[in-house]
Every structure is written in structure tokens, then in C-alpha cells.
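The structure that follows is given in the form of C-alpha cells.
The values are calculated or read from the model by the stated rules, or taken from the named source; none is laboratory data. Predicted model, so just to flag it, every value in this text is computed and none were measured. We place every Cβ from the backbone using ideal geometry, glycine too, and count neighbours over all the protein chains shown. Ligands, DNA and RNA are stripped out before the accessible areas are found, and what is left, the full protein with its side chains, is counted by its heavy atoms. Shrake-Rupley method; radii C 1.70, N 1.55, O 1.52, S 1.80 Å.
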Amino acid sequence: MKNKPKTFLLDVDGVLSDGSFIYTSKGKFGKLFGPDDNDALKILSKFIDIRFITSDYRGYSITKKRVAIDMKFKINLVKNKDRVNWIKKNFDLSRTIFMADGIFDWIVMRECLHSISCKDSNLLSKKYSSFTTSSSSGNRAVSEACIYILKKFFGKKSIEKLILTYLNEA
């Protein structure tokens, strides 16, 4: 392959989480994150830099707790209106895989090396995706994307063997 991917950039809400925002009369207090994604990302991180982006200012403390503190990945908070330019400035799109779901994300997806959306992503995101998961957001879609990337870009045919190796090193 001419350009091997260098970065896997993921949107948080609607990809890593199911996109739900849980509110009380006092405001946002929770998000739902699914199983397996963190483990799959840790395995994939041996091959590619993994980064996250969100535009959810009100829920950033929740997202930061899950992504930066619990999972130990870098995350950036960027307004939707600034997102496209920020991504172009900070990443080589010809070497970036972008996984996202929203109404604005197709603008970046069409310029990346590869793009991934979830089964329940916005129709425009799915239209411009190179691959759409069979899993819904927040329900192992990221895990599925990690396995797809390992096979497609890093020639890992035996995911089972890779997982066993990862467990033995942990």
C-alpha cells in the first residue's frame, strides 16, 4: 500500500458512545459507552496512533474521564464550526483514518485516506465512508472497525492470535 495510515482519529459521540446525552433538570450527567472498544483500541494502538475529537462542551468532563483518564488516549475539544480546519491543520489526511457519524463529518471523510462510519450514522457520513460497520455506535462498532483496520492495513489475518499475544503481554 502506497500510504500506510499513521493516525486513527475518532469522533466520540455517536461512535465510541451511542450518542445519547443523559440529562436531569440540572443538566447533562452521563453518556453510554459500549463493551470491547477499549480493548480493541489498545491492540490497534501497537500499529497506529489513536486520537479522539469531540465538540461536546457540556459533556466534555464525562468524555475526558472515559477517553483520557480511563482509556489513556489523547482527546481534543473542538467546536463543530472549527472542526474541519482543525483536523486538516493537525493531521495528514492522506495518512488518516477518520471514524465519525455526524452531519458535518462527511466533509473530512471525503479527504481522508480511509473513513469509517457506524451502522446508525448520519446518511451523509455513511455515503462518504469507505467502510460502514455492521454494529451500531456504542455497541462494539469501534471494536469492529479496529479489526477491519488490522486486517486491511496491517495484514493481520489471525486476529485471534493477535488477541492472545496482547493478553500474554498485558
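Considering only protein heavy atoms, what per residue accessible area in square angstrom results for the chain with a 1.4 angstrom probe?
53 Å²
How much of the DSSP bridge set in the chain is antiparallel, in percent, rounded to the nearest 5? Intermediate values should be presented prior to the final figure.
Working: 4 of 22 bridges.
Close to 20 percent.
Report the accessible area of V142, computed with a 1.4 Å probe over the heavy atoms of all protein chains in place, in Å² rounded to the nearest 10.
Per-residue accessible area (V142): approximately 0 Å².
Now a separate question. Note down the accessible area of T7, probe 1.4 Å, to the nearest 10 Å².
10 Å²
Which whole-Hz ³J(HN,Hα) couplings does the range 36-50 yield from phi under the Karplus relation 6.51 cos²θ - 1.76 cosθ + 1.60, θ = phi - 60°, glycine and proline marked x?
6, 4, 4, 4, 5, 5, 4, 5, 5, 5, 6, 10, 8, 6, 10
Out of residues 5 or more away from M99 or on other chains, whose amide H comes under 5 Å of its own, with H placed 1.01 Å from N in the peptide plane?
So M99 has HN proximity to L9, L10, D11, I116.
Which one of N80, N122, N139 has the biggest mean-square fluctuation once the chain is modelled by GNM with Cα springs under 10 Å?
N80
In µm²/s, what is D for the range 45-87 at 20 °C and 1.002 mPa s, where D = kT/(6 pi eta Rh) by Stokes-Einstein and Rh is the Kirkwood radius from Cα pairs?
194 µm²/s
Now a separate question. Could you please put K4, K26, K81, K74 in sequence from largest to smallest accessible area, using a 1.4 Å probe?
Sorted descending by solvent-accessible area, the residues read K26, K81, K74, K4.
For the chain, what relative contact order do you get, as a whole percent, if you take Cα pairs closer than 8 Å and at least 6 residues apart? Provide the component values of the computation, followed by the final result.
Numbers: 305 pairs, mean separation 45.1, N = 170.
Here the relative contact order equals 27 percent.
Where Lys and Arg each count +1 and Asp and Glu each count -1, what net charge lies around P35 among other residues with Cβ under 14 Å from its Cβ?
In short, -3.
Still on this structure, please answer the following. Expressed as cubic angstrom per residue, what is the convex hull volume of the alpha carbon set of the range 68-111?
In the range 68-111, the Cα hull volume divided by residue count equals 93 Å³.
Not counting ligands, DNA or RNA, and with a 1.4 Å probe, what is L77's accessible surface area in Å² rounded to the nearest 10?
Accessible surface of L77 is approximately 60 Å².
Once the Cα gyration tensor of the chain is diagonalised, what are the square roots of 5 times its eigenvalues, in whole Å and ordered largest first, as equivalent ellipsoid semi-axes? Please report the intermediate quantities before stating the final value.
Values: eigenvalues 116, 77, 43 Å².
Output for the chain: semi-axes of 24, 20, 15 Å.
Let me ask something else. Do any chymotrypsin sites (Phe, Trp or Tyr not before Pro) in the range 1-59 lie in a DSSP loop with no more than 14 other beta carbon atoms within 10 Å, and if so, which?
Counting only loop positions with at most 14 other Cβ atoms within 10 Å, the chymotrypsin sites (Phe, Trp or Tyr not before Pro) in the range 1-59 are Y57.
In whole percent, how big is the carbon plus sulfur part of the accessible area of the range 7-75, probe 1.4 Å, protein atoms only?
Carbon plus sulfur share of accessible area: 52 percent.
Show R140, R58 ordered by accessible area, largest first, where the area counts protein heavy atoms only and the probe is 1.4 Å.
Largest accessible area first, the residues go R58, R140.
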